[in-house]
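Q: Take a look at the following structure, please.
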Amino acid sequence: MKVSRRDLLIGTAGVTAGVFFTPVPWKLLGDVSIWTQNWPWIPQPPHGPVETKQTACTLCAASCGLRVRMAEGWPVGISGVSTNPVTKGALCPLGFAAHQLNWHPRRLREVRHHGYTASWTEAQSAFEKACAEGPVAIVDGRPGRAASSVLKAFAARHKTSYRVALSSESRALTPYAIWGGVPVASLGYDLESTRTIVSFGAPLLDGWGTPGRFTRLWSERAAGSSDPQLRLIQIEPTLSRTAARAWRWYAPREGSEGTLASAVALVLLQEHLVSTQVPIPQVTLTDAAAQTGLSVESIRELAHMMVERRPVLAIAPDINPSVAALNVLLGAVGKPGGVVLRNRASASPVPFEADGGAYRAVLIDSTVPWEFVPQTNAEVFRFATWDGGGSKADWLLPSPGFLEELTDVPTAPTSAADTYNVAANLVAQSAGTISPAQFLTKIDSTLPDTEKAIHSRCEEIFKTKLGAVYADQPTPVKEFESAQKMEDQLRKGAVWVGEAPRAGSFHCTLKQWPATTPTALASDWAETWAAPVFPPLAAKLYQESTLREAPARRQA
Amino acid sequence: MRRNLLVFLLGFGIALIAGWAVFPRALYVRHSQPLDFFHKTHAEKSGLAQCDSCHVIGSDGQYSGIPRTEVCAGCHSDKLGTSADEAVLVDSYVKPSKQTPWLVYSRQPANVWFSHAIHTRRAGLACTECHGHYGETDQTRIYEQNRISGYSRDIWGHSISRLRRAPGDGMKMTDCESCHRRHKVEVGCLGCHQ
Amino acid sequence: MIARYGMVIDLDRCTGCGACMIACAAENNVPPEPPRATPRTGITPMLVRALSNGRDGADRREAFIPITCMQCENETPCVAVCPQQAVEVDKSTGIVMQIPQRCLGCRYCMTACPYHARYFNWWDPQWPPGMEKSLNPGVSVRMRGVVEKCNLCHTRFHGAEEKAAVAGRKEIDPADYIPACVEACPTGAILFGNLADPNDPVTLAAHSPDSFRLLERIGTEPKIHYKTTQDWIRALADKNANHPTEAQHV
């Protein structure tokens, strides 16, 4: 039989007609449409039951408790710990997306020397050579950790200098440390007992101190009332977030906050509104009015308002001796509701800027904020987890990432009571990363072990029998059967809070009223975040909305 | 004319045969599980007689799915017997602490939320209603995957026409809906989607 | 159980920090948008906007207002216009349920929504390599070309339902169902609960004289209420929502 073209055409017609009586077109339609919705480059979320673990955040010194949801061994969600008495479940905005930070495009995964890839061995030799050749400084951004003891031990044994980079909140407390002869690391603010807070530009509701501590306190006692239990007076040139929510807002010219503090002190003394005896500020009200741009009446009004409801506490965002002197005058030093000395007195570490020394090399710990640029020609060995860009570092050394390192979190700088958190590592340390403590231990294996140092700290706390450990329920330390049981709870994310500070435990003496120094600008929310990069989702705040300004110096 | 008709019917017949016999086989690609697992043997030998001895619903309601390697390692931290499959489990997954890449027959798309806790505890459904009597056999079924959509054959059901199905064969949305209709349980879209 | 989940957001307590926005994006697997995304094209199921009273100097007042899907109850605009029935009001929770996988991307609902609370996926969702391991397991990733919006963290509601099923309860424990934004707010400005329960704190707050809703005059009966003691904010409530690229007063 000859197969003609007609046969083919009719045969094809038959096949086509028949196909519609088979599942083929209908199933293909359905399957292809499913296929178009599942492109391989669209990621799928992990499966699997979600486990919840608790730890502490290590991205800044605030020591927030974290509840981390884990699936398939990776963190998939972060929230605060509502039973944590310090943070009361709050976190900073960036903390909620911090679990994505370890995959940030700017994550450091290899050693870099002047921009070129290098090896850890080369870095180690270079550092050992530098130590042999001349003075070396080790800069710690968060003193008081177990890892800090390793850095300190290395410094002591190898004749290098251990220095610290103080945060702006710590710097704000230095005048009291000097005048009172106490370590700055033992000072804090008793916000919980005060009735009036006068903030000279400190962003109390937007990135100051521990998130949650003041925001919760303010929400409970100050928000939404024209006659609140806690009065917040914000003194700031522009209407910041804190100023917009404050009970009263005064706007002196930028940089004149110190003059205003001195002028207010003068009014308080002249009108006998306070009983403390201090040297008279060398300022006149007319001069102060001219410098601040506020009228003399406003300055008087502010002074009266400040002392209407006591105790009153003045807070500056950075070092400001005039504001500190004002606190002394207001009786806000060493008393409830004021600047207080916590129970744990520790030796005062030396800030890096203190010696202005010429170093051969500087080793900068990963806890030091990226904005810290040592003014030195030294060879800089910079440990960091993320590349902050534009760094002067000669060596960029990749540190373990977020939740990758077992470490501890000492008391936050502004805290009223001592606290201690153990930040357990919830994921394994990334390959190719070495922490500063591990790096120095490779050079000198006799250095203390970080984990043992954490264990000793827990034993120390246990022996004091002071304070309580807050897990789901608070347990006083003296009720624990052993230090190990207490440590186990801390390792699971509980927080130890020491006792409230004792009143009258420290005093400040002023020989003369401090000269007004130009005040540092208040830090904004971007600057208080110590990691140099933002979680990628933070772009929602400035790129995909107009809520905040894009951070100037950070390249997220 | 007759010849044309015959040719047409020939084409028609070829299409029917290709569509009904060849297509269902060609549409699916067959994969083996990483190792064979014998449910019946485990139930008899180790007293894990209930489904939920290993397929656990946690106290917070989450379903564990196919147990993680840690559960198997509870007994199989080292080789208990001489089977090649157990050797694969212990050497490739238990010792290196890796998860066995089981192919899940009933895996639904990411936007589907099915709660084992609600269906077994609140609705009182038995596991066999949807999963059949697989757990009472020593069979390790071949995993058949739809080449185009990527999903398991169990979702559409074994029968390409979806007629004459075994109970529990087929886990598409219409199957969920028909069971809900039978039991008069009304849920909104987000009751099953996420 | 017939519930009507809603919120009362205290604008005297909102500091405009943005924690709710980021917590929402993290919970709902919202991708970090490409550099060319703008406030108009980004995806922010919870979006905080700045408000001011328009004055300058010492008379200036500013506030912040978190905007999310208002969960409209009356003639819900987006439900009315969707050609795909991709959005519906859930009878048992009152949540306006958006199913992105059913959406065909016509964006009619975005036009219909008086609160500009709906967002379109202009691009394929992309994360830096490896970051997909950190996605929330309970929420599906949407593809390009579909609209999405706040579903009141329905995944967390699912979790609460499972807990209740295992505990033998028919009703969920309200403490188990807390949306991400509510949990994240550091001042506790967002109060969430069941408006159908007369004893729920959110119902009592919604009936307080300080509470108001946006665009009440158009009658959508939103379930997201706001609360403030400041009259200048309340005066803005019936004006049209401001253009997304402007941050200032309406």
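The values are calculated or read from the model by the stated rules, or taken from the named source; none is laboratory data. What you see is a predicted model; the values in this text were computed from it and never measured. Don't worry about glycine lacking a Cβ; one is built from the backbone with ideal geometry, like all the others, and counts go over all protein chains shown.
Q: For region B:62-104, how many residues meet the condition of being of a type outside the set (Phe, Trp, Tyr) and within 14 Å of chain C (Cβ to nearest Cβ)?
A: 4
Q: Still on this model: Can you tell me which residue is nearest to C:Cys20 (Cα to Cα) among those in region C:136-145 that are more than 7 Å from chain B (Cβ to nearest Cβ) and buried (at least 20 other Cβ atoms within 10 Å of the Cβ)?
A: Checked region C:136-145; the qualifying residue nearest to C:Cys20 (Cα to Cα) is C:Asn136.
A quick yes/no check of all residues on (1) more than 20 Å from C:Val89 (Cα to Cα); (2) surrounded by 23 or more Cβ atoms within 10 Å (Cβ to Cβ):
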residue: C:His154; (1), (2): no, yes
residue: C:Ala167; (1), (2): yes, no
residue: C:Asp176; (1), (2): yes, no
residue: C:Val182; (1), (2): yes, no
residue: C:Ala189; (1), (2): yes, yes
residue: C:Pro209; (1), (2): yes, no
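Q: For A:Arg112, state whether it is out of contact with any Pro (no Cβ under 6 Å at 6 or more places or on another chain), surrounded by 23 or more Cβ atoms within 10 Å (Cβ to Cβ), touching a residue at least 60 places away in the same chain (Cβ under 8 Å) and outside any helix (DSSP H, G or I).
A: In short, no.
Q: Check whether at least one residue in region A:501-524 is farther than 24 Å from A:Gly209 by Cβ, in a helix (DSSP H, G or I), touching a residue at least 12 places away in the same chain (Cβ under 8 Å) and of a type outside the set (Val, Ile, Thr), and report yes or no.
A: The answer is no, given that none of the residues of region A:501-524 is farther than 24 Å from A:Gly209 by Cβ, in a helix (DSSP H, G or I), touching a residue at least 12 places away in the same chain (Cβ under 8 Å) and of a type outside the set (Val, Ile, Thr).
Q: Now for a different question. Please tell me if A:Leu101 is among the aliphatic types (A, V, I, L, M), assigned to a loop (DSSP other than H, G, I, E, B) and either within 14 Å of another protein chain (Cβ to nearest Cβ) or closer than 30 Å to C:Ala19 by Cα (or both).
A: no
Q: Sticking with this one: Which of the numbered conditions does C:Thr44 fail, given that it passes all the others? Conditions: (1) surrounded by fewer than 16 Cβ atoms within 10 Å (Cβ to Cβ); (2) in contact with a helix residue (DSSP H, G or I) (Cβ under 6 Å, 6 or more places away or on another chain); (3) polar (S, T, N, Q).
A: Of (1) surrounded by fewer than 16 Cβ atoms within 10 Å (Cβ to Cβ); (2) in contact with a helix residue (DSSP H, G or I) (Cβ under 6 Å, 6 or more places away or on another chain); (3) polar (S, T, N, Q), only one is false for C:Thr44: (1).
Q: C:Tyr115 versus (1) touching a residue at least 60 places away in the same chain (Cβ under 8 Å); (2) facing another protein chain (nearest Cβ under 8 Å): which is the lone unmet condition?
A: C:Tyr115 satisfies all of (1) touching a residue at least 60 places away in the same chain (Cβ under 8 Å); (2) facing another protein chain (nearest Cβ under 8 Å) except (2).
Q: Go through (1) surrounded by fewer than 24 Cβ atoms within 10 Å (Cβ to Cβ); (2) within 10 Å of chain A (Cβ to nearest Cβ); (3) free of Cβ contacts under 8 Å to residues at least 40 places away in the same chain; (4) within 16 Å of the chain's Cα centre (by Cα) one by one and return the number of the condition C:Arg60 breaks.
A: So C:Arg60 meets the others, but not (4).
Q: So C:Val79 clears everything in (1) surrounded by 20 or more Cβ atoms within 10 Å (Cβ to Cβ); (2) within 30 Å of A:Pro43 (Cα to Cα); (3) of a type in the set (Val, Ile, Thr); (4) away from chain A (no Cβ under 12 Å) except one condition, right? Which one?
A: All conditions are met except number (1).
Q: Go through region B:143-194 and give me each residue that's part of a loop (DSSP other than H, G, I, E, B) and away from every other protein chain (no Cβ under 12 Å).
A: B:His158, B:Arg164, B:Arg165, B:Ala166, B:Pro167, B:Gly168, B:Asp169, B:Gly170, B:Met171, B:His183, B:Lys184
Q: Within region C:99-109, identify whether any single residue is in contact with a Gly (Cβ under 7 Å, 6 or more places away or on another chain) and among the small types (Gly, Ala, Ser), and answer yes or no.
A: yes
Q: Quick check on C:Ala23: is it within 9 Å of chain A (Cβ to nearest Cβ), more than 20 Å from A:Trp525 (Cα to Cα) and not hydroxyl-bearing (Ser, Thr, Tyr)?
A: The answer is no for C:Ala23.
Q: Hey, does region A:249-269 have a residue that's within 14 Å of chain C (Cβ to nearest Cβ), of a type in the set (A, V, I, L, M) and either surrounded by 23 or more Cβ atoms within 10 Å (Cβ to Cβ) or within 30 Å of C:Val182 (Cβ to Cβ) (or both)?
A: Within region A:249-269, none of the residues are within 14 Å of chain C (Cβ to nearest Cβ), of a type in the set (A, V, I, L, M) and either surrounded by 23 or more Cβ atoms within 10 Å (Cβ to Cβ) or within 30 Å of C:Val182 (Cβ to Cβ) (or both).
Q: Same structure again: Has region B:12-29 got any residue that is more than 10 Å from chain A (Cβ to nearest Cβ), in a helix (DSSP H, G or I), under 30 Å from B:Val90 (Cβ atoms) and in contact (Cβ under 8 Å) with a residue 24 or more places away in the chain?
A: Looking for residues that are more than 10 Å from chain A (Cβ to nearest Cβ), in a helix (DSSP H, G or I), under 30 Å from B:Val90 (Cβ atoms) and in contact (Cβ under 8 Å) with a residue 24 or more places away in the chain, one finds none in region B:12-29, hence no.
Q: Applying the selection to region B:105-136, what residues are more than 14 Å from chain C (Cβ to nearest Cβ), in a loop (DSSP other than H, G, I, E, B), touching a residue at least 12 places away in the same chain (Cβ under 8 Å) and touching a helix residue (DSSP H, G or I) at 6+ places or on another chain (Cβ under 9 Å)?
A: Matches in region B:105-136: B:Tyr105, B:Ser106.
Q: Determine if region B:33-48 includes at least one residue that is farther than 17 Å from B:Glu144 by Cα, without any contact (Cβ under 8 Å) to a residue 24 or more places away in the chain and not in a helix (DSSP H, G or I).
A: yes
Q: Among the residues of region A:387-394, is any surrounded by fewer than 20 Cβ atoms within 10 Å (Cβ to Cβ), closer than 23 Å to A:Leu173 by Cβ, under 22 Å from the mean Cα position of the chain (by Cα) and of a type in the set (Ser, Thr, Tyr)?
A: Among the residues of region A:387-394, not one is surrounded by fewer than 20 Cβ atoms within 10 Å (Cβ to Cβ), closer than 23 Å to A:Leu173 by Cβ, under 22 Å from the mean Cα position of the chain (by Cα) and of a type in the set (Ser, Thr, Tyr), which makes the answer no.
Q: A follow-up question, please. Identify, from the list A:Ser125, A:Ser170, the residue that is surrounded by fewer than 19 Cβ atoms within 10 Å (Cβ to Cβ) and among the hydroxyl-bearing types (Ser, Thr, Tyr).
A: Only one candidate qualifies: A:Ser125.
Q: A follow-up question, please. Against the condition touching a Gly at 6+ places or on another chain (Cβ under 9 Å), closer than 21 Å to A:Glu169 by Cα, at pLDDT 95 or above and not acidic (Asp, Glu), how does A:Val340 come out, does it pass?
A: no
Q: Report every pair of residues separated by at least 6 positions or lying on different chains whose Cβ atoms are under 6 Å apart, first residue within region A:204-223 and more than 14 Å from A:Ser168 (Cα to Cα), second part of a loop (DSSP other than H, G, I, E, B) and of a type in the set (Lys, Arg).
A: A:Gly212/A:Lys88; A:Arg216/A:Lys88; A:Ser219/C:Arg13; A:Ala223/C:Arg13
Q: One residue is enough: does region A:515-533 have a residue meeting the conditions within 12 Å of chain C (Cβ to nearest Cβ) and modelled with pLDDT of 85 or more?
A: Looking for residues that are within 12 Å of chain C (Cβ to nearest Cβ) and modelled with pLDDT of 85 or more, one finds at least one in region A:515-533, hence yes.
Q: Suppose the filter is within 23 Å of the chain's Cα centre (by Cα), outside the structural domain of A:Thr284 (by TED's automatic domain parsing) and hydrophobic (A, V, I, L, M, F, W, C); does A:Ala531 pass it?
A: Here the answer is yes, as A:Ala531 does meet what is asked.
Q: Given the structure, is C:Ala37 crowded, with 21+ Cβ neighbours inside 10 Å and facing chain A (nearest Cβ under 8 Å)?
A: no
Q: For region A:191-213, which positions are out of contact with any Ser or Thr (no Cβ under 9 Å at 6 or more places or on another chain) and either modelled with pLDDT under 95 or outside any loop (DSSP other than H, G, I, E, B) (or both)?
A: Across region A:191-213, the qualifying residues are A:Glu192, A:Ser193, A:Thr196, A:Ile197, A:Val198.
Q: Still on this structure: Could you please give the count of residues in region A:448-473 that are of a type in the set (A, V, I, L, M, F, W, C), farther than 17 Å from A:Thr55 by Cα and part of a loop (DSSP other than H, G, I, E, B)?
A: The qualifying residues number 1.
Q: Kindly provide the set of residues from region A:338-386 that are assigned to a strand (DSSP E or B) and either hydroxyl-bearing (Ser, Thr, Tyr) or over 23 Å from A:Gly188 (Cβ atoms) (or both), ordered by number.
A: Scanning region A:338-386 gives A:Ala361, A:Val362, A:Leu363, A:Ile364, A:Glu379, A:Val380, A:Phe381, A:Arg382, A:Phe383, A:Ala384, A:Trp386.
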